[in-house]
1. Could you list all residues from the range 27-71 that are within 24 Å of residue 83 (Cβ to Cβ) and not in a helix (DSSP H, G or I)?
2. Do we have residue 43 as surrounded by fewer than 10 Cβ atoms within 10 Å (Cβ to Cβ) and either touching a residue at least 40 places away in the same chain (Cβ under 8 Å) or closer than 30 Å to residue 122 by Cα (or both) here?
3. Scan the range 78-104 residue by residue and report those that are of a type in the set (Val, Ile, Thr) and either in contact (Cβ under 8 Å) with a residue 12 or more places away in the chain or assigned by TED's automatic domain parsing to the domain that holds residue 32 (or both).
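The values are calculated or read from the model by the stated rules, or taken from the named source; none is laboratory data. Here the structure is a predicted model, which is why all the values come from computation and not from measurement. Here the Cβ positions follow ideal geometry from the backbone for every residue, glycine too, while neighbour counts run over all protein chains shown.
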Amino acid sequence: MQDPRYGETMKSKGGLTRLLNAMKYTWHGLQAAAKHEEAFKQELLVVIPLSIAAWALPGVPVLEKALLFGVLQLILVVELINSAIEANTDHISLERHPLAKRAKDMGSAAVFLTILVAAATWAAVIWTRFL
């Protein structure tokens, strides 16, 4: 029988060590996504140049630049969550199951809606500032 305190031993206690570990886990997560997730790679190809462009746009107030930058990063955040859902679902079972399909489809829908929000935000800023 497993020790009932097992979960407690897996949790960090806080402090600087926890912060450093969190940064390490974050880096590992970004590396894993860039290595194993095709959608994340494709999104990076769009997000990186547009993120640079967001800050370089002339005549755009800094808050709007931050908004343009932020909605792009949100795409990556939601893609990471979607990828985590997919990986966890596949870890549990590779068997086709309606609930697994639902979880994966909902994650995909979340990414799509986030892309729509980003596109609408960019369109609104470009329209009001340049057209």
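1. If the condition is that a residue be within 24 Å of residue 83 (Cβ to Cβ) and not in a helix (DSSP H, G or I), then 37 is the only one that fits.
2. No: the conditions fail for residue 43.
3. The answer is 78, 81, 85, 89.
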